[in-house]
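Visitor: The structure's right below; bear with me while I get my questions together.
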Amino acid sequence: MKSLKTIILLLILFLPNISAHAAWWEFGRESSEPYFTSLQFNSLDSARLDDGIVLSPDDLQSGSIVVRGQAQVGRGDIGLVEISIDEGKKWEAAKLDDRGMFTWEFKPEMGRDYLFQIRAISTTGVSTGAEENDFHLLVLSINGTAEAKDTFRKMLDAYTHKNRSGFMDFVSNSFEGNISALEDALVDDFRWLDSIAIQANITRVVSNHGVFELYFTYNRQVRSMRSGQFLKDSAASVVGFRRTAKGMKLVRMSAPLIFGVSDTANIATYVTGQAVGQNVLTLDPFTGSASLGSQGETASASSTSGTQFLTLNQSYNFDTDSVANEGPGPAVQGDIKPEVGVVFTRNGVGAQGITCPISSTTSAPAGGYLAQPYLLNAQAGKCFAMEMLPGPMYALVEIVSYNMATGDLTFRYKYQPSGGRNF
Amino acid sequence: MPVCRNITLASAVFLLSFSSAIAETTYQVDNRTALLNYTITGPGKAQSFYDPKARIYHESDIQILDLPLGNWNGSLLTTVRYTDSPQYDPNYTSIQNLAIHLTDPQNNIDAGDVFANLSSYSMMKGIKGVGFQHNFGDDRNYVRTTYGTFDGQWAYLFLNSRVDEPMDRFGGGIRVQGATDDLTVGANFAQVADRAGDSKRGTSNVYRQILPAFDWEYRSAGMVLSGEHAFSRTRLLPYASTSQSLRGSANRIVFRGRFRAFSLNGNVEQVTSNFITLGGGATPDRVRYNARADWRLDRQWQLFGNYDQFYNNLSKQLSTRTRYETTEAGIIRRHLFGSRASALTISARSRSKLTDDGSSTGRSHRLRLKYKDRAFNNALNYTLDYERLLNKDKSGVSNTYLSNNLYHLSVGHRGYNIGEWKLSGDLDFGRQELQNPTTAKFDVSDMLRVSLRANGSDGNELGASYDLGSNRVTVAGSGSRQNRGLFYFTVAPKILHGGSIRSEYSLNDYRFDDVTRNYREGLLQVLINWKLKK
C-alpha cells in the first residue's frame, strides 16, 4: 500500500505540470531547440554520457566507427547534423534524411583520446546547446575478451579489499539480478567476513554481440568474523559482462556466487551445473553465520550440510551452526541435544522418521511431524525430518552413531536456511 | 592426459602445416608462463590459502586468423594449458578453449566452444558443440541454430575418470529473427536433457525440458520497448522419487525512453515458481517492478529516482511471502567550483523487507554523499564517498536498531613525466563502522591502499603497493589485521615480440587476536608473456 501511495503522490506532483505545459519535461528549453533522441557508436548505445566512451577493436566495423542517431526539433525540421573530432577545428556534415536520422563514419586511431562533438541545427537556424553533446572517445587496443578478464580481475581486487564503491562502478544498471540486493550483500559480506582471498582461474571466455561470459574455477578462503573459523571452498562459476559506452560492466552472475554470497537467491540469475552438489560458502546476513553448504539446483535452495558430533548435554543449532553446553533435561536451547538414552529436541520442533540415507532425499515431507520433545527410537542408521518453529525451517538428520550409555552422538544433516522444504 | 598431449601436438602440426602454405593468413601463439613459489610460515600456516611449493603454470593461445577456405574465411582459436599445481587443475595438461569459426557474407559456422545465444530466458550459454547462422540480407534477419554438450571442461569429454565431472547434459535450439527499421522479433525454441544413465549422475535429479520463447523490441524516436515471453515444460526425475511434470512461464517487459532531458527506464517481470530454464537465466518465483528516472534540468543539475519492488514465494512453498521494496531519490550537481569534472551526488534510499505474516520486518534508510573532481590540470582525480545507514529489524516482538557509517576516499594521479618514465600513483582509504548486533557497539574496519608505478616508454614498468586491513571487533577475540606488500618490475624486451617478463614478490602478513592463527605468506612469481606471430 505504501508503494501505491508513493506512485499516487508522484502522479499528483507531475500531473499539474503536464496539463500546464505540453512539453513538461523541457525544463528551461525552447521548443525550437533541436535535441538528439538517439546516438549509437556501432552497436553501442550512448543515450546518456557523462564521462566518455571507450571502445575496443571488437566494437569496430572493419576498423571504423559508424555513428548513427536521430535528431528532432519541436518547430521546423533538422537541417544539418555536424560532427567534430578535433576539438571543434573542423566540422563535418553527417548524412541526414528527412526524419532527422543521420550517419557518419570515421576510422579512429588506437589509443588516441578524441574530443567528440556533435551538434544539430534546425531549418530555422537554431542549434543544440554548446558543449551539450561533447565527450571523450577513446579506442583501446585491448580486445573485448582481454577487457572482460581485466574487469573481472579489478572486481576481484575491489572485493578482496572490501571496496564496495569501487566494485559497484563495474556493475551495469541493467544487472539481471537485484542490484540493490547485490549492494547490500556486499555490506554484509564485508561485515561478517575478513581475510578474503580468492584465486580465480578463468577457463574460457565466450562472446556474442558484445556479451562476454567468463567461465572460471576458484579457490576461496574467508574468515568468519563471528566464529573466527577459516572456511575454504572450490567450485566452478560464471560471470557475464556486457560492453557499454563506459567500458565492460557486470550484467549477471551464476551461483555459486563469487561476490555477494550473503544473498545468493536475489543476486544469482542461474546455477552453474558443474557446481551442483559441491560444498560452497554460505553466509546468513542476519546472524553472520558462515558455513559450507551444498549448492542446490536453484540459487534459492542452497542448503547447508555436514556431520556433527555432540557429547552429553551439548546442543546444536542448525541456523547459527553452533554448539552450546547446556544442563540436563528437556529444556533445550539448541535444536537437538543428546543425553543418556534419549535425544532431546527443542520445544517447537516436530520430527518424523524418513527413509535413509538423507543424501538421496531432496525434500522434507509437507506434513506428519510429531511434536514430541525427543527423537523417537533414535539409534544408528535412523533418519529423521525435522520441522522447526518459528519459520518453519526444515532439516534432515541421519544418525551415524549414538552411544546411549554415554550420550555421544554423531549425525549427518542437511538444513535449508531459506525456509523451503527442498534441499 | 595423453589424449590432451596428442591434441596439443596436433594443434601445433596443424599450425605449422598451414603456416608454410598461405602467406596472408595470421598465425599467432600467445604464451603465458608463470613460475610460482609460495613460502608459508607462522603457527597458523595451515590456514593459508596457498600451496606452499614451487609450481609452474603455462598457457598458450594458438590463433589462426583469416584463413581462406574457398569462399569462407576461417579461424581457429585454442588455449592449451600445462600446470603441476592441483589448485588450478587436477590434470597436468588440458585444453581450455577450442573454437573454429567459418564465415562468408551470409553464413557463420562455429564449432567447439560456442556461445549458444538464443534469448535470455531460453538459452544464453557457452557450450561445446556446433552453431550455424544464416543471414537474410543483413545480420538483423537470420536463422541461428546450435547444439552441444554443457560440459564445462574439455577434459570431461575425453577423461571420464574426472571426479569433479557432473552428469552429462545436452542441449541446443533454434532462433529465427526478423527486423524492420522499428521492430525486431525473435522466435526461439530450446531443448535440454540430462543423460539419466550417466555413471556420474550420483543422486542428482534428471531434467528434460523444452522451452519456447518469443522476444521482441520496438524502437521509436527516443524510446525502446522490448519484451520476452517464455514457457517451460520440464520433466523432473528425482533420484529417489517419482517423476514430475513442471510447467512454468516467464514474462518480462522493459521500457527505455529518453525525452529530451528526461530519461525513464522501466522493467516488469514475473517468473512463476515452476519455470525452469537450464540454458538461460531467470530467478524463479518472483514478481518484480522496477523504474528508474532521471531528469537533467540543465548542464548543472540532475534529479534521479529509483523504485524497485519484488516479492517472492508465488506458490507459497515457503512459510511466508516476502516483499522487498526500495525507493531512492537524489540529486547530482555538476560543474561545481567551475570544474567541468566535478559532480556532487546526494541521495536518500529507503529499503524494506516485509513478511506477509508480519513475523519479521527490516527497514534500512541510507543517506549517501559522493563528490568527485579533478585537480591540478586534471592530473589528479579524487572521489569522496560517505554513507550513513540506519537499520531497523523486527523479529517477533523484538526490535533491533543498528547503524552503519561507511567512508571511502580514492585519489589517483594521471602521472608525471620524468624523462622517458611516467610516474603515477593511487591512494584508497576506506572505513566501515558497523554496529554489532551482539554488543550494540561499533565494529571498525579500516582499509588503506597505496600504489606507485613508473612506466617507461619501452613498456618497462616498476611498481609497488602496500595494503593495510584492520578489523577491530567488539566481540573479544575476533579482531584481525592484514598487511600486504607488493613489489614488481616488468620488462618488455624486443625479442619477445610485444611480450613481457614480470617479476613480483609479495608478502602477506595475517595477524589475529588469537595469535595461534597468525601466519605469513611470501609469494614469488615470474610471469612471462611471449608471442610468436607470422
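The values are calculated or read from the model by the stated rules, or taken from the named source; none is laboratory data. Just so it is clear, the structure is predicted and the values come from calculations on it, not from any experiment. Note: ideal-geometry Cβ built from the backbone for every residue, glycine included; neighbour counts use all protein chains shown. Heads up: the accessible areas ignore ligands, DNA and RNA and are worked out on the full protein's heavy atoms, side chains in. Shrake-Rupley method; radii C 1.70, N 1.55, O 1.52, S 1.80 Å.
Visitor: Condition first: in contact (Cβ under 8 Å) with a residue 60 or more places away in the chain and either crowded, with 19+ Cβ neighbours inside 10 Å or in contact with a Gly (Cβ under 8 Å, 6 or more places away or on another chain) (or both). Now tell me which residues in region B:66-90 satisfy that.
Guide: Within region B:66-90, B:Leu76, B:Thr78, B:Val80 qualify.
Visitor: Here's something else I'd like to know. Considering each residue of region B:342-381, count those that are surrounded by fewer than 16 Cβ atoms within 10 Å (Cβ to Cβ), among the small types (Gly, Ala, Ser) and not in a strand (DSSP E or B), and give that number.
Guide: Final tally of qualifying residues: 3.
Visitor: Residue check, B:Lys533 against (1) at pLDDT below 90; (2) closer than 30 Å to B:Leu390 by Cα; (3) basic (Lys, Arg), all met but one. Which one?
Guide: All conditions pass for B:Lys533, except number (2).
Visitor: What single numbered condition from (1) touching a Ser or Thr at 6+ places or on another chain (Cβ under 7 Å); (2) small (Gly, Ala, Ser); (3) without any contact (Cβ under 8 Å) to a residue 12 or more places away in the chain fails to hold for A:Gly367?
Guide: (1)
Visitor: Output the number of the condition that B:Asp298 fails; it satisfies all remaining conditions of (1) out of contact with any strand residue (DSSP E or B) (no Cβ under 9 Å at 6 or more places or on another chain); (2) at positive phi.
Guide: (2)
Visitor: Give B:Gln63, B:Gln106, B:Gln28 a once-over and let me know the one that is open to solvent by 50 Å² or more (accessible area, probe 1.4 Å) and farther than 30 Å from A:Leu231 by Cβ.
Guide: Details: B:Gln63 fails: open to solvent by 50 Å² or more (accessible area, probe 1.4 Å); B:Gln28 fails: open to solvent by 50 Å² or more (accessible area, probe 1.4 Å).
After ruling out the rest, the residue left standing is B:Gln106.
Visitor: If I filter region A:366-402 down to residues being of a type in the set (A, V, I, L, M) and part of a loop (DSSP other than H, G, I, E, B), which single residue comes out as surrounded by the fewest Cβ atoms within 10 Å (Cβ to Cβ)?
Guide: Only one residue tops the list, namely A:Ala366.
Visitor: Could we say that B:Asp446 is open to solvent by less than 40 Å² (accessible area, probe 1.4 Å) and either within 11 Å of chain A (Cβ to nearest Cβ) or in contact (Cβ under 8 Å) with a residue 60 or more places away in the chain (or both) here? So that I can check it myself, show each step before the final result.
Guide: On the way: open to solvent by less than 40 Å² (accessible area, probe 1.4 Å): yes; either within 11 Å of chain A (Cβ to nearest Cβ) or in contact (Cβ under 8 Å) with a residue 60 or more places away in the chain (or both): yes.
The answer is yes for B:Asp446.
Visitor: Here is a further query. So, in region B:275-289, how many residues would count as being open to solvent by 20 Å² or more (accessible area, probe 1.4 Å) and either more than 9 Å from chain A (Cβ to nearest Cβ) or not in a strand (DSSP E or B) (or both)?
Guide: The qualifying residues number 6.
Visitor: Same structure again: Would you point out which residue out of B:Ser478, B:Ser465 is within 14 Å of another protein chain (Cβ to nearest Cβ), assigned to a loop (DSSP other than H, G, I, E, B) and crowded, with 17+ Cβ neighbours inside 10 Å?
Guide: Answer to the selection: B:Ser478.
Visitor: Going by the structure shown, is B:Leu532 more than 23 Å from A:Asn163 (Cα to Cα), part of a strand (DSSP E or B) and out of contact with any helix residue (DSSP H, G or I) (no Cβ under 7 Å at 6 or more places or on another chain)? Before the answer, list the steps.
Guide: Working: more than 23 Å from A:Asn163 (Cα to Cα): yes; part of a strand (DSSP E or B): yes; out of contact with any helix residue (DSSP H, G or I) (no Cβ under 7 Å at 6 or more places or on another chain): yes.
For B:Leu532, the condition - more than 23 Å from A:Asn163 (Cα to Cα), part of a strand (DSSP E or B) and out of contact with any helix residue (DSSP H, G or I) (no Cβ under 7 Å at 6 or more places or on another chain) - is met.
Visitor: Of all residues in region B:34-56, which are assigned to a strand (DSSP E or B), open to solvent by less than 60 Å² (accessible area, probe 1.4 Å) and touching an Asp or Glu at 6+ places or on another chain (Cβ under 8 Å)?
Guide: Residues satisfying the conditions are B:Tyr38, B:Ile40, B:Arg55, B:Ile56.
Visitor: To continue, here is another question. Looking only at region B:481-501, which residues are open to solvent by 60 Å² or more (accessible area, probe 1.4 Å) and within 14 Å of chain A (Cβ to nearest Cβ)?
Guide: Passing the criteria: B:Arg481, B:Gly498.
Visitor: As an exercise: evaluate B:Ser410 against (1) part of a strand (DSSP E or B); (2) over 30 Å from the mean Cα position of the chain (by Cα) and give the number of the one condition it does not meet.
Guide: (2)
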